[in-house]
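J.: Can you read through this structure? Questions will come right after.
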Amino acid sequence: SPIMGGITLFCVIRFTIVFNKIFFHFPQIKKYVRVFFIFLALEFIFCFVAPLVWAGVLFSILSTVFLFSSLWITIKVYKKGFRPAKFYILAFSFFIFGSLLYTLKTFALLPNNFVTQYSLQIGNILEVVLLSFGLTDRIKQLSLERDTERKLHHEYRDLLQELEIKTAELADTKQIIEKAKLQAESLNEFAKMINSTVDLDEIFQYVVEDLKQKLDADIFLLQLVTQDKNELHNRCFRVPREVSQDLIQEYDSFTYLIEPEVGMYYWTIFRKKLVYIRNIKSSESFSEMDRKLFEGLKITSVLQIPLILRNEVIGIFHINKYGGMKRVKKEELRFIKSFCEQLAIAVNNSKLYQKTKLEHQKSENLLLNILPRDVAKELKEKGYSEPILFDNVSVLFTDFKGFTQIAERLTPQELVRELDACFVQFDKISERYNLEKLKTIGDSYMCAGGIPKKNTTHSIDAVLAALEMQNFMNLIKSLKEKKGLEYWEIRLGIHSGPLVAGVIGEKKFAYDVWGDTVNTASRMESSGTSGMINISGATYELVKDYFECEYRGKVNAKNKGEVDMYYVHKIKLEYSKKKDGKTPNKKFWERYATLV
């Protein structure tokens, strides 16, 4: 019936669609299949509303159109290069031939004969055979695709695993590079720091702050080898607050002899290599002091880095942690070693600076022993010193009576020792009273007040210094009298007036004074009396309100004629402490302050 024919046509079309998709891989077939489904729907409707004859006619027409369409698709596939489609073209030709005969028979234009049946059967057979070949080929292809997909899946999985490994390695490499970069930057900053300062305490503080974070450490010790290379002493020390102060003091004051018995210190110096003992319990190369230190600091390992310069160990740097330090990695040890190479340079720079500073200080002190501070500064800055005219200064001369006779009975060593003992005290007294020592000639001592810095108290300062020198010599006299030894008696002379002061010499400098004031002061000393202070009238006018003086009258001075002279006995009682006339009291200094 037409209904069964429609169902049959639907099944044929559906089967053909599956066949084309499997055999030809022709995706565009869906476009025209939808059109045939619409026609099939109309066929079913037409079968119920139209006479059976017309339904059969429509069925025949649709079948023929479908077959021609399938043939067109097959030819198109064949033209695209799929050569097995020519057999399928043959099958469709038989189908079309049979379908045409069937249509003619439906319209009663052709009697029922066997040609129609055989054409359809041959087409079915060819289609089944080709479909089996196509399915077999497709199954093989699907199997190959599945094997390929499985292989690609395994390769993809292996690539993912390799990618994960490479990513992890890359991350580790990146981390190592970043860490190396930070370490390089740290070393660079440390190099800049040690080039900017020679203060070893400041450098040590920088090292501690930098390493305690990187290594999780809190115990740091810098020890330096002495110049004779026989001892090791603690230079800088940093420990946490938990450590006993008694242990710190004992350890800090401990002297380490560089001998095999010392233990880990000698080991580090002898090997000239970094020493890292992860577990101190497994080693026996420690002294009793080492063990005591381990117990007090609660450390479980030893990390010591020798500070080496020109293949010589100049010190040891210790790093540790109270309670035990975690394991130190190889790259951290390499960084510490590089860090300590810079530290060795810093220690050496500090030593050189301290040595240079000491030598400079010695040179400076030597220069200051020859020249006044301001004059020495001017000479260093300018290369010369301008002579200066001072309007009023006080010059003090001393001399020992009987020096020549006593000196003849002394050995050279005894003579120099006696003179040095006196002049050292005179230097101290002069410095105390702001006088500038000028020179010593034999047993004569010369100093002056009011130079190189001008002041208005020079005459008082000179008399106070003379009184103290007099008292000192009187004390020496009394001590030697008790022992029955010979002694020197001192003469002192002071004169105030103008003079010129300056530096003479090119290689051996000397600060000297010139003028009539100097000659007159010398005459005051030579015209004086042993044990007395002889001053000129000019000086008397400047000090008479402070000291008790005795007028001597006009005394004939060599090459000077008659000059007014006075003896200074003591400080006036109202200005004297304890009324002894030797020490100024508070009132004296208060009035003195008004003159400054």
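The values are calculated or read from the model by the stated rules, or taken from the named source; none is laboratory data. Note that the structure is predicted; figures quoted are calculated from it, not measured. Here the Cβ positions follow ideal geometry from the backbone for every residue, glycine too, while neighbour counts run over all protein chains shown. Just the protein is used for accessible areas: all its heavy atoms, side chains included, with ligands, DNA and RNA removed. Shrake-Rupley method; radii C 1.70, N 1.55, O 1.52, S 1.80 Å.
J.: Could you tell me whether any residue of segment 359-369 is within 15 Å of ALA448 (Cβ to Cβ) and assigned to a helix (DSSP H, G or I)?
T.: Quick first cut of segment 359-369, residues within 15 Å of ALA448 (Cβ to Cβ) only: none.
No: zero hits.
J.: Out of (1) open to solvent by 80 Å² or more (accessible area, probe 1.4 Å); (2) within 47 Å of the chain's Cα centre (by Cα), the odd one out for VAL347 is which?
T.: Of the numbered conditions (1) open to solvent by 80 Å² or more (accessible area, probe 1.4 Å); (2) within 47 Å of the chain's Cα centre (by Cα), the odd one out for VAL347 is (1).
J.: Further, regarding this structure: Taking the criterion of being at pLDDT below 75 and either of a type outside the set (Phe, Trp, Tyr) or open to solvent by less than 20 Å² (accessible area, probe 1.4 Å) (or both), would at least one residue in segment 237-245 satisfy it? Spell out the reasoning first.
T.: In the first step, residues of segment 237-245 are kept if they are at pLDDT below 75; the result is none.
Among the residues of segment 237-245, not one is at pLDDT below 75 and either of a type outside the set (Phe, Trp, Tyr) or open to solvent by less than 20 Å² (accessible area, probe 1.4 Å) (or both), which makes the answer no.
J.: State all residues of segment 587-596 that are out of contact with any Lys or Arg (no Cβ under 9 Å at 6 or more places or on another chain) and open to solvent by less than 70 Å² (accessible area, probe 1.4 Å); if no residue qualifies, say none.
T.: Step one: list which residues in segment 587-596 are out of contact with any Lys or Arg (no Cβ under 9 Å at 6 or more places or on another chain), which gives 587, 589-596.
Selection gives TYR592, ALA593, LEU595.
J.: Quick one: is ARG291 of a type in the set (D, E, K, R) and under 18 Å from LYS212 (Cα atoms)?
T.: Working: of a type in the set (D, E, K, R): yes; under 18 Å from LYS212 (Cα atoms): no.
So ARG291 fails the test.
J.: Would you mention how many residues in segment 433-462 are touching a strand residue (DSSP E or B) at 6+ places or on another chain (Cβ under 6 Å), open to solvent by less than 50 Å² (accessible area, probe 1.4 Å) and in contact (Cβ under 8 Å) with a residue 40 or more places away in the chain? Steps first, answer last, please.
T.: Let us first name the residues in segment 433-462 that are touching a strand residue (DSSP E or B) at 6+ places or on another chain (Cβ under 6 Å), namely 435-439, 443-451, 458-459, 461-462.
Remaining after also requiring open to solvent by less than 50 Å² (accessible area, probe 1.4 Å): 435-436, 438, 443-451, 458-459, 461-462.
After this cut, where a residue has to be in contact (Cβ under 8 Å) with a residue 40 or more places away in the chain as well, the list is 436, 438, 443-451, 458-459, 461-462.
Total meeting the criteria: 15.
J.: Got a sec? Which of GLU250, GLU259 is surrounded by 13 or more Cβ atoms within 10 Å (Cβ to Cβ) and over 29 Å from the mean Cα position of the chain (by Cα)?
T.: Working: GLU259 fails: surrounded by 13 or more Cβ atoms within 10 Å (Cβ to Cβ).
Going through GLU250, GLU259 in turn, just one is surrounded by 13 or more Cβ atoms within 10 Å (Cβ to Cβ) and over 29 Å from the mean Cα position of the chain (by Cα): GLU250.
J.: Looking at GLU341, GLU332, which is the one that is at pLDDT below 85, surrounded by fewer than 21 Cβ atoms within 10 Å (Cβ to Cβ) and either charged (D, E, K, R) or part of a strand (DSSP E or B) (or both)?
T.: When all the criteria are applied, what remains is GLU332.
J.: I would also like to ask the following. Mind checking whether some residue in segment 367-389 is touching a helix residue (DSSP H, G or I) at 6+ places or on another chain (Cβ under 6 Å) and closer than 25 Å to ASN519 by Cα?
T.: Scanning segment 367-389, I find at least one residue that is touching a helix residue (DSSP H, G or I) at 6+ places or on another chain (Cβ under 6 Å) and closer than 25 Å to ASN519 by Cα, so the answer is yes.
J.: Go through segment 543-586 residue by residue and tally those that are in a helix (DSSP H, G or I) and open to solvent by less than 100 Å² (accessible area, probe 1.4 Å). Break it down stepwise before answering.
T.: Going through segment 543-586, the residues in a helix (DSSP H, G or I) turn out to be 543, 573-575, 577-579, 586.
Okay, now just the ones that are also open to solvent by less than 100 Å² (accessible area, probe 1.4 Å), so 543, 573-575.
Here the count works out to 4.
J.: Quickly run through segment 373-394 and pick out the residues that are farther than 28 Å from ILE533 by Cα, touching a Pro at 6+ places or on another chain (Cβ under 9 Å) and of a type in the set (A, V, I, L, M).
T.: Selection gives VAL375, ILE388.
J.: Okay, moving on. Just to verify a result, which residue in segment 526-541, among those that are hydrophobic (A, V, I, L, M, F, W, C) and either assigned to a strand (DSSP E or B) or open to solvent by 70 Å² or more (accessible area, probe 1.4 Å) (or both), is farthest from ASP391 (Cα to Cα)? So that I can check it myself, show each step before the final result.
T.: Within segment 526-541, the subset hydrophobic (A, V, I, L, M, F, W, C) is 532-533, 535, 538.
Restricting the remaining residues to those that are either assigned to a strand (DSSP E or B) or open to solvent by 70 Å² or more (accessible area, probe 1.4 Å) (or both) gives 533, 535.
On the way: ILE533: 24, ILE535: 18 Å.
This residue is ILE533.
J.: If you scan segment 352-385, which residues turn out to be of a type in the set (D, E, K, R), more than 19 Å from LYS508 (Cβ to Cβ) and open to solvent by less than 100 Å² (accessible area, probe 1.4 Å)?
T.: GLU359, ASP374, listed by residue number.
J.: So which residues in segment 263-289 are under 19 Å from ASN234 (Cα atoms), at pLDDT 75 or above and either of a type outside the set (Lys, Arg) or open to solvent by less than 20 Å² (accessible area, probe 1.4 Å) (or both), if there are any at all? Break it down stepwise before answering.
T.: Filtering segment 263-289 for residues under 19 Å from ASN234 (Cα atoms) gives 263-270, 272, 274-275, 286-289.
Checking which are at pLDDT 75 or above leaves us with 265-270, 272, 274-275.
Of everything in segment 263-289, those that are under 19 Å from ASN234 (Cα atoms), at pLDDT 75 or above and either of a type outside the set (Lys, Arg) or open to solvent by less than 20 Å² (accessible area, probe 1.4 Å) (or both) turn out to be TYR265, TYR266, TRP267, THR268, ILE269, PHE270, LEU274, VAL275.
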